[in-house]
Amino acid sequence: MRLLTACGLLCVVLSILPSLTASVAVMSVDLGSEWMKMAIVKPGVPMEIVLNKESRRKTPVAVCLKENERLFGDGALGVSVKNPKVVYRYLQNLVGKRVVNPQVVEYQKHFPEHQLERDEKRDTVNFKYSEEINYSPEELLGMVLNYSRGLAQDFAEQPIKDVVITVPAFFNQAERRAVLQAAQVAGLKVLQLINDNTAVALNYGVFRRKDINATAQNVMFYDMGSGSTTATIVTYQTVKTKESGTQPQLQIRGVGFDRTLGGFEMELRLRDHLAKLFNEQKKSKKDVRENLRAMAKLLKEAQRLKTVLSANAEHGAQIEGLMDDIDFKAKVTRAEFEALCADLFDRVPAPVKDALSSSEMSMDDIEQVILVGGATRVPKVQEVLLKAVQKEELGKNINADEAAAMGAVYQAAALSKAFKVKPFLVRDAAVFPIQVEFSRETEEEDGMKTTKHNKRILFQRMAPYPQRKVITFNRYTDDFTFNINYGDLSFLIDRELGIFGSSNLTTVRLSGVGSSFKKHSDAESKGIKAHFNMDESGVLILDRVESVFETEAAVEEKEESTLTKLGNTITKLFGGGSSEPNPNVTEQVQDEEEVPPEAGKDQDEQEEKPGEKQEPEEKKEAEPQAEEQTDKADGAEGKSEEQNEGEKSDKDEKEIKGEKAEEGKEENKDKPQKKSKISEDVRVELVVNDVLDPSIDDIDSSTKKLQDLTNRDLQKHEREKSLNSLEAFIFETQDKLYQEEYQVVVSEQEKEEISGKLSEASNWMDEEGYTASTKELKEKFSELKKLCKAMFFRVEERRKWPERLAELDRMLNQSSFFLTGVKLIPESDQIFTDVEMKTLEKVINETTVWKNETVAEQDKRSPTEKPVLLSKEIEAKISLLEREVNYLLNKAKFAKPKPKPKPKDTNSSSTENSKTSNSTADSEKVIPPTEESAAKDEADAAEEVSPAGEPPTANEQEPMTETVSQDAKKTEQTVDNKSENHIGDEL
């Protein structure tokens with residue numbers, strides 16, 4: 001599977017190239033309720049799942065807090081059987097929830113060994129560790145995330161800080177913020193929180209890029225994990241973009257979920273069944289349900305049993321020493337398991353129906369249903385699901401465990417500035433609608449004032465994000481307050497509503513509105529604009545609130561030149577009517593990305609795209625028509641900025657076209673007016689109504705708490721490393737003293753001294769060493785190494801001598817052979833100087849003498865004495881010989897051959913021959929390279945000649961052709977063509 005994955009990455013999709021600006025690895029964490037999977041991208045490694053310390057591809061989300069150490073993953077899981085009280089698991093069920101949340105209450109029932117306390121500040125839950133110390137679920141989750149980063153850094157062999165984390169699609173705003181807080185405590189930079197179903201869909205689409213075209217393809221992903229179930233409908237098709245042309249895109253069209261339907265609930269049913277069977281055997285008078293350790297053992301066996309029953313019709317459960325040293329054995333059939341979970345299997349089709357309902361599709365529109373998540377391996381789940389979707393088969397063509405991690409790391413690479421990936425557009429969807437609510441006083445016809453409550457939809461259900469929205473309040477001239485809440489949640493069943501928590505998000509209090517109106521009393525108000533942003537993580541942010549005003553200023557007309565007038569006349573003749581822009585149309589806000597209004601909705605609840613105009617519709621709210629007409633110029637609360645400006649544009653455009661002829665004539669006489677926009681920020685105070693975020697001091701305190709634990713772990717690891725190193729050194733050195741090569745170099749006195757110190761250190765280890773500090777262990781280790789340093793040095797030198805001396809002899813033989821060959825070169829062809837040859841000969845002779853004298857001196861010395869023949873000196877002599885020989889070899893490689901003299905012309909008179917010969921010889925003479933000293937650098941010699949293998953340049957050929965007399969040329973052509981060819985060959 002890993003080989004296929006690598007081939008697919010390299011051939012099909014990724015083209016992840018390291019940028020020139022940085023080369024930093026990024027990672028993803030698929031954070032499930034029971035397991036987490038990590039993946040990395042680094043230069044040279046496109047996408048790869050991180051292996052943990054046990055070389056497994058997934059790691060349990062568990063942390064163990066003992067008195068003096070922390071354990072994670074499989075290590076923590078092993079302790080949970082012996083001491084479940086100190087092991088914390090399934091943290092995802094607690095983050096971002098109040099203490100009264102039904103899921104928190106259910107967690108206490110499943111894990112009664114933990115003592116949960118109420119956080120007085122945030123009304124959330126904390127784990128009580130001791131009388132002085134407690135830990136929040138976010139802090140424990142931060143420990144897990146920090147551990148995942150450590151595994152990824154070890155795997156990538158470089159630091160990692162940037163991460164993309166997966167969260168369930170049904171996480172609300174409080175839960176998403178809680179995960180971000182956990183990452184902040186862990187010191188991670190979150191590039192994005194990506195929904196796990198979106199990450200799976202991205203991974204699926206990336207590997208099938210070639211199959212995606214302009215025709216929409218609808219695929220359903222059914223993900224049943226350990227803690228929850230999600231059904232997602234995704235549409236794949238290619239779209240055109242301004243930035244990168246036609247690219248594939250996935251869009252989340254529908255989502256259905258069940259927060260409590262998963263494999264863990266099945267394991268709990270099976271655990272309780274095993275406990276019942278043990279009690280029925282009546283081997284103990286105690287109830288096994290009251291023993292926390294025994295129940296932890298039963299849960300572990302139930303997890304194993306569920307996996308085995310997915311492939312077998314029956315299997316035996318077996319636990320040694322379950323309680324009071326009593327062994328437990330029982331046989332469980334698949335039919336019994338399915339009967340225990342019958343009500344759970346009945347809930348399998350519900351997420352499918354909810355996904356179809358939210359997407360307004362039917363199963364006929366779905367091309368394929370693909371299984372994701374470990375719990376989908378249960379045969380009964382597949383059977384019920386296949387019947388619900390009415391398909392021939394269920395798709396199993398993706399890695400159910402790793403698809404989310406791989407999709408998330410692809411997104412991490414796309415978001416990182418260090419990598420370039422092929423674009424794949426992702427349009428996620430908000431599962432829960434969000435709206436703005438505000439109240440204002442209105443005056444009725446009888447003079448009575450009433451308070452009217454208004455709601456404006458900010459994000460519809462399944463609205464795509466990331467997206468920016470603007471709400472404009474046009475009837476407020478003083479400070480006011482509005483609320484941001486969830487919209488209609490009637491699609492959730494009662495159980496889900498209880499777990500969801502508060503439907504109120506934030507109260508926004510604005511101050512400075514009245515002062516802004518006083519400051520710009522002479523300007524026209526364009527309303528109070530609130531800018532909202534739902535970012536890539538699905539977190540709603542109020543970016544800013546501003547008062548917007550518009551003023552008019554006269555513009556001086558410039559006198560047109562004759563050429564300009566002529567151009568305007570020609571334009572009118574051939575171009576038709578005037579194309580001048582309307583100067584009264586306010587400039588649109590370009591940084592707000594809006595979605596088109598939905599048909600059938602109230603106009604006040606709709607937002608427009610920038611620059612898009614709509615004709616005003618009748619309000620469907622019970623508001624008097626007279627008020628609508630009189631206040632029409634002021635606008636209506638909740639309309640988008642673009643809609644109000646579009647209506648103003650329509651009005652101004654009608655005036656220009658001549659609906660008011662008289663006003664038009666007067667305006668033509670006046671100078672043209674230019675409108676300018678004035679914006680002034682309004683102070684904003686946010687009051688969180690769902691789950692309070694921890695304060696800055698609380699975040700700093702949590703960070704320090706985790707850092708202290710990390711430092712303690714590092715100190716503990718350093719002490720264990722020092723202890724192991726000292727212990728290993730003592731035992732290994734004691735054994736070496738009896739080895740032959742060590743006995744040769746150690747005198748009896750030295751041996752007794754070393755042996756005595758080692759025995760003393762061994763006794764110290766048994767008595768005090770295991771409680772000694774790291775500093776004491778390092779000092780003891782350093783003392784023993786210093787004592788044995790001379791012995792180790794002598795042994796090491798004697799080991800290196802044979803190889804080093806053999807290498808020196810080989811180099812001497814080669815150098816001598818090379819020098820002999822050089823001396824045999826005729827003087828006319830010699831390219832080396834006497835100085836160069838004598839320098840090499842001197843080095844050879846001196847090295848031979850040094851070797852013979854030093855070896856002889858070493859033979860006279862005792863093996864227990866400090867050696868005079870040192871391996872580093874032998875290596876220095878070898879390097880000197882290599883340098884001298886390589887210098888001469890490089891000179892020979894780039895040297896030019898000397899040209900041969902031209903033959904004399906025998907047809908001319910002796911005088912003419914002499915003159916011609918002298919003239920030709922002088923002209924054709926090629927000056928040989930200047931003799932260089934032995935110390936001349938190789939690069940200087942190389943600059944004077946052409947590189948090997950290249951033809952002579954034109955300048956080199958000209959002296960051989962242009963300076964020859966006509967008679968000499970004729971002689972060469974008729975008499976000695978062979979000689980000319982020879983010269984050409986030499987060149």
Tell me, yes or no, whether the stretch 365-374 has at least one residue that is without any contact (Cβ under 8 Å) to a residue 60 or more places away in the chain and either in the same structural domain as Val164 (by TED's automatic domain parsing) or out of contact with any Phe, Trp or Tyr (no Cβ under 6 Å at 6 or more places or on another chain) (or both).
-> no
Just one of Lys775, Lys789 is loosely packed, with under 15 Cβ neighbours inside 10 Å and under 28 Å from Leu870 (Cβ atoms); which is it?
-> Lys789
Just one of Glu752, Glu720, Glu732 is acidic (Asp, Glu), more than 30 Å from Lys866 (Cβ to Cβ), assigned to a helix (DSSP H, G or I) and without any contact (Cβ under 8 Å) to a residue 40 or more places away in the chain; which is it?
-> Glu720
Taking the stretch 296-348 and the residues there that are of a type in the set (D, E, K, R) and in contact with a Leu (Cβ under 7 Å, 6 or more places away or on another chain), the one that is farthest from Pro112 (Cα to Cα) would be Arg334
Residue under evaluation Ile370, criteria (1) part of a helix (DSSP H, G or I); (2) under 30 Å from Asn397 (Cα atoms), criterion not met | (1)
Give the residue, chosen from Glu314, Glu265, that is in contact (Cβ under 8 Å) with a residue 12 or more places away in the chain, among the acidic types (Asp, Glu) and under 30 Å from Met462 (Cα atoms).
-> Glu265
Set Lys452, Lys387, Lys469: member being touching a strand residue (DSSP E or B) at 6+ places or on another chain (Cβ under 8 Å) and more than 25 Å from Ile194 (Cβ to Cβ) = Lys452
Qualifying residues in the stretch 843-875 (those that are out of contact with any Asp or Glu (no Cβ under 9 Å at 6 or more places or on another chain) and over 21 Å from Val745 (Cα atoms)) - the one surrounded by the most Cβ atoms within 10 Å (Cβ to Cβ) | Thr847
Considering every residue within the stretch 253-266, establish whether at least one is part of a helix (DSSP H, G or I) and among the charged types (D, E, K, R).
-> yes
Flagged pairs (Cβ under 9 angstrom, 6 or more apart or on separate chains; first in the stretch 100-116, assigned by TED's automatic domain parsing to the domain that holds Val86 and more than 18 Å from Thr260 (Cβ to Cβ); second part of a helix (DSSP H, G or I) and among the small types (Gly, Ala, Ser)) are Glu113/Ala296
Write out, first by first residue and then by second, each pair whose Cβ atoms fall under 7 Å of each other, whose residues are 6+ apart or on separate chains, and whose first residue, in the stretch 192-205, is closer than 20 Å to Gln217 by Cα and assigned by TED's automatic domain parsing to the domain that holds Val179 while the second is among the aromatic types (Phe, Trp, Tyr) and buried (at least 24 other Cβ atoms within 10 Å of the Cβ).
-> Asn197/Phe221; Val200/Phe221; Ala201/Phe221; Leu202/Tyr410; Asn203/Tyr410
Among the residues of the stretch 401-433 satisfying the criterion of being in a loop (DSSP other than H, G, I, E, B) and of a type outside the set (D, E, K, R), which is surrounded by the most Cβ atoms within 10 Å (Cβ to Cβ)?
-> Val431
Could we say that Val234 is of a type outside the set (D, E, K, R) and under 19 Å from Asp30 (Cβ atoms) here?
-> yes
How many residues does the stretch 222-260 contain that are hydrophobic (A, V, I, L, M, F, W, C), surrounded by fewer than 24 Cβ atoms within 10 Å (Cβ to Cβ) and under 27 Å from Val378 (Cα atoms)?
-> 1
Would a scan of the stretch 248-255 turn up a residue that is under 26 Å from Glu367 (Cα atoms) and out of contact with any helix residue (DSSP H, G or I) (no Cβ under 9 Å at 6 or more places or on another chain)?
-> yes
Out of curiosity, is Ala296 in contact (Cβ under 8 Å) with a residue 60 or more places away in the chain and in contact with a helix residue (DSSP H, G or I) (Cβ under 8 Å, 6 or more places away or on another chain)?
-> yes
Take Val436 and decide whether it is crowded, with 20+ Cβ neighbours inside 10 Å, outside the structural domain of Trp35 (by TED's automatic domain parsing) and of a type in the set (Val, Ile, Thr).
-> yes
Picking from Glu797, Glu836, which residue would you name as being touching a residue at least 60 places away in the same chain (Cβ under 8 Å), surrounded by 14 or more Cβ atoms within 10 Å (Cβ to Cβ), assigned to a helix (DSSP H, G or I) and in contact with a Pro (Cβ under 6 Å, 6 or more places away or on another chain)?
-> Glu797
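The values are calculated or read from the model by the stated rules, or taken from the named source; none is laboratory data. Just so we're clear, the structure is a prediction, and the values are computed from it rather than from any experiment. Here the Cβ is made from the backbone with ideal geometry for all residues, glycine too, and neighbour counts use every protein chain on show.
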